[in-house]
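See below for the structure under consideration.
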């Protein structure tokens, strides 16, 4: 379990009361409470990779903007997510290849467009998901990824980006991916963008299709280890 770098325990409370058959969220200026009583079925990646299928207890999630001091815990979550959540779709060598286009992108943190999803677990604040949106032209990848373009996008002519979406393998099927998309799309829309794009891995594609994203291109390249690495470019209107 990944403990968070900063404490916000006073912002969290355990969810009580009757279970509802759906997830709901409220987006406020600083704190979002996301209730999930049954596992979300929109993400096939999450459906196939839940580590604790008998633990579907309700949870209360909050979000905050990531800080540079969170980089280490973000990296830990990404490594766990990549290692476990892709197994149903990719071979070990393909997962290794995918790492070339995944990882921490510090420009998202600097820009204040990267979200951390947290919850209380066993009386500790833990990081369970991360992801955000980009106002720069880089479509995917971490600091190490070749071919980045960090120039700013023009909301009148360019699409915003959904970037670096990860869920901890112990917390899949809880709607965290959907919550992150809601946060990113809402923020991009408020910034004046009319459309949003992303570069999806094969495991992430089912969620994005379910959320209205449409494939507009697919790039398959040979990674350093010789395995294929597939990135699917997808777009959605924010109108």
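The values are calculated or read from the model by the stated rules, or taken from the named source; none is laboratory data. Being a predicted model, the structure only gives us computed values, none of them experimental. Counting neighbours? That spans all protein chains shown, and the Cβs are built from the backbone with ideal geometry, glycine included.
What to note about this one:
- Matching entry among 202, 231, 235 (being closer than 26 Å to residue 146 by Cβ, under 15 Å from the mean Cα position of the chain (by Cα) and either part of a helix (DSSP H, G or I) or in contact (Cβ under 8 Å) with a residue 60 or more places away in the chain (or both)): 202
- Within the range 193-227, being over 24 Å from residue 154 (Cβ atoms), surrounded by 15 or more Cβ atoms within 10 Å (Cβ to Cβ) and either in contact with a helix residue (DSSP H, G or I) (Cβ under 8 Å, 6 or more places away or on another chain) or modelled with pLDDT under 95 (or both) holds for 201, 202, 203, 204, 206, 207, 211, 223, 227.
Rundown of residues vs (1) in contact with a helix residue (DSSP H, G or I) (Cβ under 9 Å, 6 or more places away or on another chain); (2) buried (at least 17 other Cβ atoms within 10 Å of the Cβ); (3) modelled with pLDDT under 95, yes/no style:
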position: 44; (1), (2), (3): yes, yes, yes
position: 51; (1), (2), (3): yes, no, yes
position: 54; (1), (2), (3): no, no, yes
position: 58; (1), (2), (3): no, yes, yes
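- In the range 150-180, the residues that are out of contact with any helix residue (DSSP H, G or I) (no Cβ under 8 Å at 6 or more places or on another chain), surrounded by fewer than 24 Cβ atoms within 10 Å (Cβ to Cβ) and not in a strand (DSSP E or B): 151, 153, 154, 155, 156, 157, 158, 159, 170
- Restricting attention to the range 123-139, the residues that are assigned to a loop (DSSP other than H, G, I, E, B) and in contact (Cβ under 8 Å) with a residue 40 or more places away in the chain add up to 2.
- Residue tally, condition touching a strand residue (DSSP E or B) at 6+ places or on another chain (Cβ under 6 Å) and over 17 Å from residue 187 (Cβ atoms), over the range 128-173: 8
- Residues in the range 104-119 that are buried (at least 19 other Cβ atoms within 10 Å of the Cβ) and either outside any strand (DSSP E or B) or modelled with pLDDT under 95 (or both): 5 in all.
- So residue 82, is it outside any strand (DSSP E or B) and within 13 Å of the chain's Cα centre (by Cα): yes
- Residue 142 without any contact (Cβ under 8 Å) to a residue 60 or more places away in the chain, assigned to a loop (DSSP other than H, G, I, E, B) and at positive phi: no
- All positions within the range 67-98 that are in contact with a strand residue (DSSP E or B) (Cβ under 6 Å, 6 or more places away or on another chain) and modelled with pLDDT of 95 or more: 73, 74, 77, 78, 81
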